[in-house]
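Each remark here refers to the structure printed beneath this line.
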Amino acid sequence: MASPFSGALQLTDLDDFIAPSQDCIKPMKVDKRSGSGVAKIHIEDDGSYFQVSQRGPWGTGFSCFQDGGMKKLEKAKISLDDCLACSGCVTSAETVLITQQSHEELRKVLGANKTAAPDQQKLVVISVSPQSRASLAVRFQLNPTDTARKLTAFFKKIGAHYVFDTAFSRNFSLLESQREFVQRFRGQADPKQALPVLTSACPGWICYAEKTHGSTVLPHISTARSPQQVMGSLVKDFFAQQQVYHATVMPCYDKKLEASRPDFFSQEHQTRDVDCVITTGEVFKLLEEEGVSLSELEPAPLDSLCSSASAQEPTSHRGGGSGGYLEHVFRHAAQELFGIHVTEVTYRPLRNKDLQEVILERDGQVLLHFAAAYGFRNIQNLVQKLKRGRCPYHFVEVMACPAGCLNGGGQLKVPDMPGKELLQQVERLYGLVRTEAPEDAPGVQELYEHWLQGAGSERAGRLLHTSYRAVEKAGSGLSIRW
Ligand code: SF4
């Protein structure tokens, strides 16, 4: 089976494809105690492990004075977090995740809710990405507003309590990216955080950077959380008094890896910010399994997280199907840093259509130099330039998928429609919704004030930002094979 993950993610370790039970490599902590001798591992019939110590007269491994001590050993467990933290393989994580985060898992929770006592039921929240909505709109030949309303009706029919749109949480992700860029440009940020700023909303790219280029690239990556993860902290905080199950609908499988990062486990609420990620394709499967055609459903009103943001229609942002990070940060920085109001952002294609640049000039002097680099080839070139100290950009919108998020690996195919035409249709429908500036989006300033205790507060920093770490290659001396 072809891997559903983005090309950049697969290429981090494609050469060691393994299945988890065959040959997993996990670095293990070895407890060395002085004076301990040789130990044998004894396996009982029931599969439990015992360490049988054999101690020699000088604390060495001679076996003439065996003390016969038996110590039961804990079984090593491999979780998805281990797979993410290990540079051994990406494909193991894939197999683990497909069972941990799937539409079947969502079904199970919805099913359990139906039979549970009222005080044991979970509040089920589903957050849908605008990219997935556009893909479903093309597949069912609907306009984006009808698609959003009918999707809300469908999820409520199968037991969800609320259905939100991650375009709302993207407002926070964009605003935090803008703020962070201006700080770094002015040299007001942590000196370790350097220019150019590289976007962080694509987990395929983040995973690749952490596993392959570690300390060279990570200080450049924006710490702003992606729309999925902002929505995660918002939902879990908003409904903190209840037991919440939060699922998102996303255009790629890489988002499952993002939701599983230990950084996105809320210590405050002792839960993951996002419990389950399903792809657009999995929503289609759910519809099929329920025997429902989206086109035939009666539309339902859209839900909103904020009283002042009564959502009658879905909204989006300017700047393309991957979130518009380049465009929003560019406009904001031009105004904030140089007092220049940019009405139209002009993209200049470079070597290929997935590599474009945008320049702000005054009197022939380049003030801002931004780029968008999509797909593995362009990412690799960008990283090489960065390593050689020859990267001319101040900001780069980096996305692992060629053509960006509308072309994610979890999006729907349409029978008899060639890929290029399908992508054009998805782009067209994605662009049919009203766009709004994140500063002006209803409810955003209200939430900054009441939820986050103000923009730039400690709480906003904690709930809207994250950090990255280089993943060390597992050395064979510290590894066990089992
Ligand atoms: Fe997912 Fe978008 Fe990144 Fe593709 S570019 S892996 S769709 S986040």
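Laid out as a table, the results:
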| item | result |
| --- | --- |
| Between the range 204-265 and the range 115-159, the Cα center-to-center distance that results, in Å | 21 Å |
| 18 Å Cα-Cα threshold exceeded, pairs from LYS256/LYS387; LYS156/LYS285; LYS108/LYS413; LYS108/LYS157; LYS353/LYS420; LYS236/LYS285 | LYS256/LYS387; LYS108/LYS413; LYS236/LYS285 |
| Cα shape, the range 386-431, gyration tensor, a/c 1.5 rule | prolate |
| Length released on extending from GLU458 to THR115, taking residue separation times 0.36 nm less the Cα-Cα span | 119.3 nm |
| In nm, spacing of pseudo-spin labels at ILE340 and LYS156 (7 Å Cα→C-beta vector) | 4.8 nm |
| Label-point separation in nm, GLU439 to THR216, each point 7 Å along Cα→Cβ | 3.8 nm |
| Distant-in-sequence amide H partners of THR315 (H built 1.01 Å from N, under 5 Å) | none |
| Long-range HN-HN contacts of ASP165 with modeled amide H, under 5 Å | VAL128 |
| Gyration tensor (alpha-carbon) shape descriptor, the range 303-358, a/c threshold 1.5 | oblate |
| FRET efficiency estimate (nearest 0.05) - Cβ-Cβ, GLU289 to LYS420, R0 41 angstrom | 0.85 |
| FRET efficiency, 1/(1 + (r/R0)^6) with R0 56 Å, evaluated for PHE50 and GLU446 via beta carbons | 0.40 |
| Using distinct alpha-carbon pairs, which all enter the 1/r mean, Kirkwood radius of the range 143-255 in Å | 16.3 Å |
| Convex hull of Cα atoms in the range 340-482, direction-averaged projection (nm²) | 16.1 nm² |
| Stretch gain in nm, segment GLU313-ASN143, where the contour uses 0.36 nm per residue and the Cα spacing is subtracted | 60.1 nm |
| Taking LYS211, LYS122 and counting other C-beta atoms within 10 Å, the order from fewest to most | LYS122, LYS211 |
| Nonlocal amide H pairs with LEU367, under 5 Å, H built at 1.01 Å | LEU360, GLU361, ARG362 |
| Calculated FRET efficiency for the pair ARG348/LYS71, C-beta based, R₀ 60 Å, to 0.05 | 0.35 |
| Karplus (6.51, -1.76, 1.60) ³J(HN,Hα), θ = phi - 60°, over the range 283-295, in Hz, Gly and Pro reported as x | 5, 4, 4, 4, 4, 4, 5, 7, x, 10, 9, 4, 4 |
| For the range 459-472, Karplus couplings with θ = phi - 60° (6.51, -1.76, 1.60), whole Hz, Gly/Pro x | 5, 4, x, 6, 8, 10, 10, 8, 9, 10, 9, 5, 9, 6 |
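Throughout, read-outs are computed from the coordinates displayed, never taken from laboratory work. Note that the coordinates shown come from a computational prediction; the quantities given were computed from them, not determined experimentally. Positions of Cβ are generated from backbone atoms using ideal geometry, with glycine treated the same way; all protein chains shown enter the neighbour counts.
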